[in-house]
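Here is the structure we will look at, set down as structure tokens.
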Amino acid sequence: MPGTSPSPTAPPAEAVARDAHWARKLARLRARQLPEYTLRLCDDLAAKKRFDQAKLEAARLRMADAETGADPAEVERAEVELKEAKAAYEAASLSLTFRALPRPVLDGLIRRFPPTEQQAEDGDAWNPETFPAALVAAAHIERDESGTAVEGLSEQDAQELLDSWPAGEANALFAAAWQAQQISRASTEELGKD
């Protein structure tokens, strides 16, 4: 009939199913948590050494058990020692956790601390005098005993630690904050190759 519009048709069921599938997938992609990286600092060298040795012994016995069958009592003893050594190490340690920043935030932070002309000539992408403390502070995530995020390091606090710690530990502090930015939980696979 002239002058009448065609009746609306429902979208194909397959398209609706694809849309629902994509909506669920997109929701999961958007809800992903940013990766975190933790730096542990232990001034109790005996606790650290005990834990390191317990890890090695437990790994050695697990490997021996897998290859030839180790004495179950010996494996159990090593696992108990590892658990106790780990608890003692963690009790003697401090930890600092760093969370990856969203890419635009990291890019903005880098732009906030451009290298000087000389630093740029030396190949620096940011000012190595000021950027490390800013990154450490921005990426640091502190949680209380209940796991709730609380205020963490300020740029001033971070700069003070970087300036007062020995070079190796100051470098480890910055490296931990930077490592959080580099974590990739992605993997790829080639399709169509058998």
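The values are calculated or read from the model by the stated rules, or taken from the named source; none is laboratory data. These numbers were taken from a predicted model, which means no experiment stands behind them. With ideal geometry, Cβ positions are generated from the backbone for all residues, glycine too; neighbour counts draw on all protein chains shown. Side chains are part of the model used for accessible areas, which takes the heavy atoms of the whole protein and leaves out ligands, DNA and RNA. Shrake-Rupley method; radii C 1.70, N 1.55, O 1.52, S 1.80 Å.
For region 169-194, how many residues are of a type in the set (Asp, Glu) and under 10 Å from residue 39 (Cβ atoms)?
Here the count works out to 1.
If you go through region 129-142 one residue at a time, do you hit one that is among the polar types (S, T, N, Q) and at pLDDT 95 or above?
Yes, some residue in region 129-142 is among the polar types (S, T, N, Q) and at pLDDT 95 or above.
Over 30 Å from residue 142 (Cβ atoms), open to solvent by 70 Å² or more (accessible area, probe 1.4 Å) and polar (S, T, N, Q) - does that describe any residue in region 24-39?
No, region 24-39 contains no residue that is over 30 Å from residue 142 (Cβ atoms), open to solvent by 70 Å² or more (accessible area, probe 1.4 Å) and polar (S, T, N, Q).
Check residue 148 against each of (1) modelled with pLDDT under 95; (2) more than 23 Å from the chain's Cα centre (by Cα) and name the one condition it does not meet.
Only one criterion in (1) modelled with pLDDT under 95; (2) more than 23 Å from the chain's Cα centre (by Cα) is unmet by residue 148, namely (2).
Can you name the residue in region 144-160 that is assigned to a loop (DSSP other than H, G, I, E, B) and open to solvent by 50 Å² or more (accessible area, probe 1.4 Å) and, of all such residues, is nearest to residue 131 (Cα to Cα)?
151
Being more than 30 Å from residue 33 (Cβ to Cβ) and either touching a residue at least 60 places away in the same chain (Cβ under 8 Å) or open to solvent by 30 Å² or more (accessible area, probe 1.4 Å) (or both): is that true of residue 57 here?
In short, yes.
Can you go through 19, 52 and tell me which one is assigned to a helix (DSSP H, G or I), open to solvent by less than 90 Å² (accessible area, probe 1.4 Å) and either in contact (Cβ under 8 Å) with a residue 60 or more places away in the chain or charged (D, E, K, R) (or both)?
52
Would you mind finding the one in 78, 27, 64 that is touching a residue at least 24 places away in the same chain (Cβ under 8 Å), over 30 Å from residue 168 (Cβ atoms) and among the aliphatic types (A, V, I, L, M)?
78
Taking helices (runs of 4 or more DSSP H) that fall entirely within region 64-143, which contain at least 1 residues that are farther than 20 Å from residue 154 by Cβ and open to solvent by 30 Å² or more (accessible area, probe 1.4 Å)?
Fully inside region 64-143 and qualifying: 72-92, 103-112, 117-121.
Which members of region 111-154 meet the condition of being acidic (Asp, Glu) and closer than 22 Å to residue 37 by Cα?
Passing the criteria: 142, 144, 145, 151.
Output the number of residues of region 61-99 satisfying the condition of being among the hydrophobic types (A, V, I, L, M, F, W, C), closer than 30 Å to residue 139 by Cβ and out of contact with any Phe, Trp or Tyr (no Cβ under 8 Å at 6 or more places or on another chain).
Qualifying residue count, region 61-99: 5.
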